[in-house]
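The values are calculated or read from the model by the stated rules, or taken from the named source; none is laboratory data. All values reported here derive from a predicted model rather than from experimental measurement. Reconstructed Cβ throughout: ideal geometry from the backbone, glycine too, with neighbour counts over all protein chains shown. Heavy atoms of the whole protein, side chains included, go into the accessibility calculation; ligands, DNA and RNA do not. Shrake-Rupley method; radii C 1.70, N 1.55, O 1.52, S 1.80 Å.
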Amino acid sequence: PGQNISRFYWFKRPGAERTIMEVFVHELTHHWLERRCPRFTWEDMNHNALTRGFWIVEGFPTFMQEGRYDVDKMVWTHFNPHSFTLDVVSTLAAEGKLLDWETVYPLNQAEFAQLSHKFDKPARLRWALHGVRMSDTNLFYQQSAATCQFLYHGEKGKYRKQLADYVAAYYTGKNSKLDIDRAFGLSPNELGEKTVAFAGKVMKGWKPKK
């Protein structure tokens with residue numbers, strides 16, 4: 001951290017860097033937010049393990065990692081119609097297996113660390129050729145990222161500015177701005193319901209207009 005460098009290691013095999021592109025994007029998003037985000041400086045940072053709203057810390061990088069990036073052509077898009085995150089949320093919502101949204105959004109990092117790592121929620125997804133098993137920790141990531149997907153793409157980008165404001169509020173420790181109702185004008189359950197509905201629309205073929 002003191003050198004402001006992120007280091008990555010991968011297997012010595014042809015094309016290995018492509019297989020871990022999602023890891024690159026996720027971790028470099030963490031680095032960018034901590035060190036390069038133009039909304040605040042390193043000196044402005046004021047969050048810790050007890051800061052509420054930890055969902056944005058892992059949700060935003062997971063949202064970014066699901067974008068589609070063509071390194072050879074140097075083109076990219078944040079939208080992925082085959083999003084694993086949206087598939088998980090849409091599928092498990094229908095089965096009543098998601099974490100309560102009122103639990104997801106207020107958690108701080110210390111409370112997040114107490115979530116179960118037991119893979120006890122099986123699911124057969126639309127875009128996976130095999131079934132998956134999710135833990136509460138997994139679901140926290142997926143539900144948080146799906147929320148970012150909705151806030152960025154849903155309702156014609158209506159909440160996009162609020163999403164950026166929320167990211168900045170978390171990292172600068174503006175605790176009064178981390179309440180979901182205040183930040184987005186929605187209760188946690190209302191935001192969760194909109195996220196689930198958005199995930200279902202994407203799974204049925206919805207795409208944002210260019």
Are there any pairs, at least 6 apart or on different chains, whose C-beta atoms fall under 7 Å, with the first in segment 85-99 and farther than 13 Å from ALA145 by Cα and the second open to solvent by less than 30 Å² (accessible area, probe 1.4 Å) and among the aromatic types (Phe, Trp, Tyr), and if so, which? LEU99/PHE140
With a cut-off of at least 1 residues that are open to solvent by less than 60 Å² (accessible area, probe 1.4 Å) and at pLDDT 90 or above, name the helices (runs of 4 or more DSSP H) lying wholly within segment 1-73. 21-35, 55-65
Answer yes or no: is there a residue in segment 89-100 that is under 13 Å from the mean Cα position of the chain (by Cα), of a type outside the set (Gly, Ala, Ser) and either modelled with pLDDT of 90 or more or assigned to a loop (DSSP other than H, G, I, E, B) (or both). yes
Suppose we filter segment 140-160 for residues that are under 29 Å from GLN114 (Cα atoms) and open to solvent by less than 20 Å² (accessible area, probe 1.4 Å); how many remain? 10
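Going by the structure shown, is THR172 under 18 Å from LEU98 (Cα atoms), of a type in the set (Val, Ile, Thr), touching a helix residue (DSSP H, G or I) at 6+ places or on another chain (Cβ under 9 Å) and touching a residue at least 40 places away in the same chain (Cβ under 8 Å)? Show your work before the answer.
Working: under 18 Å from LEU98 (Cα atoms): no; of a type in the set (Val, Ile, Thr): yes; touching a helix residue (DSSP H, G or I) at 6+ places or on another chain (Cβ under 9 Å): yes; touching a residue at least 40 places away in the same chain (Cβ under 8 Å): yes.
Against the criterion (under 18 Å from LEU98 (Cα atoms), of a type in the set (Val, Ile, Thr), touching a helix residue (DSSP H, G or I) at 6+ places or on another chain (Cβ under 9 Å) and touching a residue at least 40 places away in the same chain (Cβ under 8 Å)), THR172 does not qualify.
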Give the residues of segment 180-192 that are surrounded by fewer than 19 Cβ atoms within 10 Å (Cβ to Cβ), free of Cβ contacts under 8 Å to residues at least 60 places away in the same chain and either under 12 Å from CYS148 (Cα atoms) or not small (Gly, Ala, Ser) (or both), sorted by residue number. ASP181, ARG182, LEU186, GLU190
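Looking at SER176, is it among the hydroxyl-bearing types (Ser, Thr, Tyr), on the phi < 0 side of the Ramachandran plot and at pLDDT below 95?
Details: among the hydroxyl-bearing types (Ser, Thr, Tyr): yes; on the phi < 0 side of the Ramachandran plot: yes; at pLDDT below 95: yes.
Criteria met by SER176.
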Six or more apart or on different chains, Cβ under 7 Å: which pairs go from a residue in segment 193-209 that's more than 14 Å from CYS148 (Cβ to Cβ) to one that's of a type in the set (D, E, K, R)? Could you list them? MET203/ASP87; MET203/ARG126
